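None of the figures in this text is laboratory data; all of them are computed from the coordinates on show. As the structure is a prediction and not an experimental result, all values here were calculated from the model.
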Amino acid sequence: MKLTVKGFEIHKGFLDIAAQRAMLAAVRGVVAQAPFFRPQMPNGKKMSVRMTAAGKFGWLSDKDGYRYAQTHPKGTPWPEIPEQILELWAQVTGLTQRQPECCLINYYDAEARMGLHQDRSEADMAWPVVSISLGDEGLFRMGNVTRGGKTESLWLGSGDVVVMGGEARLAYHGVDRIRSGSSTLLPKGGRLNLTLRVVV
Ligand code: SIN
Ligand code: MN
């Protein structure tokens, strides 16, 4: 089922359980080479999510600010983006000529959240951002292209895919909380979110 909320295209249940398991196995392959780390925000506080990435670029945050980087903090290049993730990108965006260069992987434990923000570190913000959710449900909040105003919230479950393009590409969004124990996909619980971005 596909619904559109404030320009965000939400594909509920895009991945069936077999596809979710296959996606999880692919993510584990990435994490084995590029372990999760907890980035520090420019204000010195640690983010509550754990992050890693695949692709030519990963995303880093530390006391010097936010940026894309071609290596993991341990100094090695990021693993390649798994094939089924690139296929999903082409399926939901229709973009076959351009692939994402970053697959950012965020892990939310029961206490993690992500404040309202815009995705605007990419060179050309005409390309959409695609988000894939696995594991526990997360309450996704969708706002506007400027701070403030009315927001709408929706629970994203395992296998849901969101396309942030058009008017939603620069809209504020965030994750207010995780519904711990709502999925059995991840044996230790929690939520994985993958975001696919064209960076350069
Ligand atoms: C993000 O905005 O980078 C993550 C969104 C999500 O976790 O659903
Ligand atoms: Mn974002």
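Quick rundown of the values:
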| quantity | calculated |
| --- | --- |
| Centre separation in Å (Cα based) which lies between region 162-200 and region 60-85 | 18 Å |
| In Hz, Karplus ³J(HN,Hα) per residue of region 140-152 (6.51, -1.76, 1.60; θ = phi - 60°; x = Gly, Pro) | 8, 10, 10, x, 10, 6, 10, 4, x, x, 5, 10, 10 |
| Spatially proximal lysines relative to LYS6 (Cα-Cα < 30 Å; intrachain offsets below 8 disregarded) | LYS150 |
| Cα gyration tensor shape for the chain, rounded if a/c is under 1.5, else prolate or oblate | rounded |
| Cα-based reach from LYS74 at 16 Å (exclusive), listing lysines while leaving out same-chain residues under 8 positions away | LYS56 |
